[in-house]
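The values are calculated or read from the model by the stated rules, or taken from the named source; none is laboratory data. Predicted model, so just to flag it, every value in this text is computed and none were measured. Please note: Cβ atoms are built from the backbone with ideal geometry, for glycine as well, and neighbour counts cover all protein chains shown. SASA here: full protein model, heavy atoms, side chains in, ligands and nucleic acids out. Shrake-Rupley method; radii C 1.70, N 1.55, O 1.52, S 1.80 Å.
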Amino acid sequence: TGLINPLTVRKDGKRYRVVAGERRFRALQFLRAAAIAKNRNSLTWKNIEVKIRAGSDKDMERIQVQENIQQRQPTSLEYFRLVDRLRASGMTIDEVAGELKITPSWVSQLLNARAASAKVKKAWENGELTAGKAILMGQSLLPATLQNKLINDAQEQSEAQLKETLQEVKKKSMK
């Protein structure tokens with residue numbers, strides 16, 4: 001087949017859906033289209049090897065996560081998204097930690113970032129804030145408007161300074 005790792009698919013009615021190996025599948029589609037465009041119907045492969053898996057959506061989610069983690073070490077933002085997806089699928093914090101091979105404490109901290117404002121998450125995504133600062137902003141449980149006003153300060157401060165700033169702003173907002 002030319003594939004070192006076969007695609008993993010799942011039966012979906014009369015067809016199959018790619019569970020793991022989406023990029024490899026798209027690359028194969030591209031190669032096939034390129035061969036057709038050059039009027040070459042002489043592909044060296046007609047079929048590809050696949051692993052057919054059955055299971056729940058939760059099982060398929062696990063397969064996808066494992067595939068992604070094997071390819072490369074995720075960034076903190078990618079871990080955040082993976083943690084969020086796995087928790088949404090019903091996994092416990094310990095199960096998520098085991099699946100991602102990270103500590104339950106890190107999973108909990110990443111989950112705190114869910115309460116960060118959209119602008120804070122965007123700043124994290126753009127590399128303007130570290131994961132630690134985005135997590136602190138989420139942990140603060142301050143309204144999004146206040147979090148947004150603090151983004152510039154957060155960029156200039158250490159995490160310890162930001163933590164103090166957030167505590168001060170929280171005290172002032174409670175008065």
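Which FRET efficiency, nearest 0.05, do residue 46 and residue 88 yield, Cβ-Cβ r, R0 35 Å? Don't skip to the end; give the middle numbers.
On the way: r = 39 Å, r/R0 = 1.12.
After rounding to 0.05, the efficiency reads 0.35.
Leaving out ligands, DNA and RNA, and with a 1.4 Å probe, what % of the accessible surface on the chain is carbon or sulfur?
Numbers: 5660 of 11310 Å².
Answer for the chain: carbon and sulfur cover 50 percent of the accessible area.
Provide the FRET efficiency to the nearest 0.05 for the residue 164-residue 105 pair, computing r from the beta carbons and using R0 = 22 Å.
Details: r = 22 Å, r/R0 = 1.00.
Efficiency computed from Cβ-Cβ geometry: 0.50.
Between residue 19 and residues 5 or more places away or on another chain, which pairs have amide H atoms under 5 Å apart, with H built 1.01 Å from N, and which residues are they?
Correct list: 8, 9, 10.
Please list 38, 58 in order of solvent-accessible area, largest first, computed with a 1.4 Å probe with all protein chains present. Mind dumping the intermediate values first?
Values: 38 130, 58 60 Å².
The most accessible residue leads, giving 38, 58.
Could you state the angle between the C-alpha long axis of helix 76-88 and the longest principal axis of the C-alpha atoms of the chain, as a value from 0 to 90 degrees rounded to the nearest 10?
Relative to the chain, helix 76-88 is tipped by roughly 80 degrees.
Points 7 angstrom from Cα along the Cβ direction at residue 156 and residue 114: gap in nanometres?
Placing both labels 7 Å beyond Cα along the Cβ direction yields 3.4 nm.
In angstroms, what radius of gyration and Dmax does the chain have, counting Cα atoms only?
Cα radius of gyration and Dmax of the chain are 21.9, 76 Å respectively.
Could you state the accessible area per residue of the chain in Å², with a 1.4 Å probe and every protein chain left in place?
Details: 11310 Å² over 175 residues.
Roughly 65 Å² per residue, with all protein chains present.
Determine, for each peptide in 122-131, 9-18, the mean count of other beta carbons within 10 angstrom over its residues, then list the peptides with the highest first.
Values: 122-131: 16.6, 9-18: 11.7.
Highest-to-lowest ranking by the protection proxy: 122-131, 9-18.
Two decimals is fine: what is log10 I(q)/I(0) at q = 0.21, 0.22, 0.25 Å⁻¹ for the range 77-175, from a Debye sum with one equal scatterer on every Cα and no solvent?
Rounded to two decimals, the profile gives -0.99, -1.05, -1.23.
By DSSP, what percent of the beta bridges with both residues in the chain are antiparallel, rounded to the nearest 5? Write down the numbers at each step before the final one.
Values: 5 of 9 bridges.
The answer is about 55 percent antiparallel.
Run the numbers for residue 22 and residue 144: contour at 0.36 nm per residue of separation, minus the present Cα-Cα distance, in nm. Present the calculation step by step, with values, prior to reporting the outcome.
Working: separation 122, 0.36 × 122 = 43.92 nm, distance 3.58 nm.
So the chain would gain 40.3 nm between residue 22 and residue 144.
In degrees from 0 to 90, rounded to the nearest 10, what is the angle of the helix 57-71 Cα long axis to the longest principal axis of the chain?
The answer is roughly 90 degrees.
Relative to 2.2 N^0.38 Å, what does the C-alpha radius of gyration of the range 86-131 come to as a ratio? Two decimals please. List each step's numbers first, then the result.
Working: Rg = 12.0 Å, N = 46, 2.2 N^0.38 = 9.4 Å.
The value comes to 1.27.
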